[in-house]
Amino acid sequence: MPDGNTARDLLEDTRALLADGEWTKLVAVVASLHPADLTELALLLEGTNRRSFVEHLPPAVLGQMFEFAQENDLEELVRTTAVESLPEVLAEVDDDIIVDVLQELEPGERADTLAALGRTRELEDLLEYEEESAGGIMSRGFVALQESLTVQQAIDYLRAARPSSAQTYYLYVVDAGQRLLGTVGIRDLLVSPPLTPLLRITNRDIHWVSTDTDQEEVARTLQRYNLLAVPVVNEEQELVGVSLAEDLIDVITEEATEDMYRMVGLDEEETAATPIRRTIRLRLPWLMVNVVTAG
């Protein structure tokens, strides 16, 4: 099958393979799809077909779909996924997505999933934050280097920890109390003499947000300073998480859409599907102002 197929291109083939129970062929057919496209394909399927499709995907792939799904799509995926399989699916998923999934579950299901993940205390802490705050959207996936380290010790730590590429956007430097002091770049680590104290090459000009900062303000901070991630601190200035650019895209897009609506006089509740009478009612006051001021 040629590359470049979209979810809709594969919809009929997927339905046929599901009907025939050709699970191996099904996985092979959809293997080249991006997780976001896999999510679209899953949600184009109906009822039993959707559940069968999701059940036969490898847990790691389903976890990637959770990470790339939009908010409403994630709700549908969670409802389609068997609760008992969630711990395995969420094993390699970022904490902020895990929290989003847990919030969709019933209390009993949430407790069972938390227990199976073995991180009850840590994830329950994240669940306490408001959903649209920095604490509610942050990830625990960050690298914190102790201020007492030398350059060589910091490099040795990174080699042992093997952090993901997203976690090394910024390397944060903290004191013994986990309070944020600054950042250090990988290049600076590589070119500095091994015995150089880490604090000597630490950049203290950092921009951070607190756990209760509204997500739109977090997005604005990220845009204003052209950052890839924004560190999140608690009341004691302890580094507790990071908000990544990839997780703030939806927030930025929503805010930009609202701004565009306001520019053309549309109410935020108005969409392309809004009935014409309601659209006229929403826009009429703005149009009348334009007529008067243009006269």
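The values are calculated or read from the model by the stated rules, or taken from the named source; none is laboratory data. Everything numeric in this text was worked out from a predicted model, so none of it was measured. All Cβ positions, even for glycine, are placed from backbone atoms using ideal geometry, and neighbour counts span all protein chains on display. These area figures cover heavy atoms from the full protein model, side chains too; ligands, DNA and RNA do not enter into them. Shrake-Rupley method; radii C 1.70, N 1.55, O 1.52, S 1.80 Å.
Key figures
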read-out: Selection status of Gly135, part of a helix (DSSP H, G or I), of a type outside the set (Lys, Arg) and either out of contact with any Asp or Glu (no Cβ under 9 Å at 6 or more places or on another chain) or more than 30 Å from Leu222 (Cβ to Cβ) (or both); value: no
read-out: Within the range 164-203, tally of residues that are outside any loop (DSSP other than H, G, I, E, B) and open to solvent by less than 70 Å² (accessible area, probe 1.4 Å); value: 18
read-out: Any hit, the range 145-165, residues being under 16 Å from Leu244 (Cβ atoms), in contact (Cβ under 8 Å) with a residue 24 or more places away in the chain and not small (Gly, Ala, Ser); value: no
read-out: Index of the failed condition, Arg51 passing every other in (1) at pLDDT 90 or above; (2) in a loop (DSSP other than H, G, I, E, B); (3) not hydrophobic (A, V, I, L, M, F, W, C); value: (2)
read-out: Residue count for the range 118-130, restricted to those that are part of a helix (DSSP H, G or I), over 18 Å from Thr81 (Cβ atoms) and not polar (S, T, N, Q); value: 6
read-out: Residue within the range 2-9 that is in contact with a helix residue (DSSP H, G or I) (Cβ under 7 Å, 6 or more places away or on another chain), in a helix (DSSP H, G or I) and open to solvent by less than 50 Å² (accessible area, probe 1.4 Å) present; value: no
read-out: Filter result for the condition that a residue is at pLDDT 55 or above, in a helix (DSSP H, G or I) and open to solvent by less than 90 Å² (accessible area, probe 1.4 Å), over Glu258, Glu254; value: Glu258
read-out: Matching entry among Asp9, Asp13 (being more than 25 Å from Arg110 (Cβ to Cβ) and out of contact with any Leu (no Cβ under 9 Å at 6 or more places or on another chain)); value: Asp9
read-out: Asp212 in a helix (DSSP H, G or I), within 21 Å of Glu128 (Cβ to Cβ) and under 18 Å from the mean Cα position of the chain (by Cα); value: no
read-out: Restricting the range 10-33 to residues that are polar (S, T, N, Q) and at pLDDT 85 or above, the residue that is most open to solvent (accessible area, probe 1.4 Å); value: Thr24
read-out: Selection within the range 204-216 - open to solvent by less than 70 Å² (accessible area, probe 1.4 Å) and in contact with a helix residue (DSSP H, G or I) (Cβ under 8 Å, 6 or more places away or on another chain); value: His207, Val209, Ser210, Thr211, Thr213, Gln215, Glu216
read-out: In the range 84-117, the residues that are part of a helix (DSSP H, G or I), out of contact with any Leu (no Cβ under 7 Å at 6 or more places or on another chain) and either basic (Lys, Arg) or farther than 25 Å from Val242 by Cβ (or both); value: Glu84, Ser85, Glu88, Pro107, Gly108, Glu109, Ala111, Asp112, Ala115, Ala116
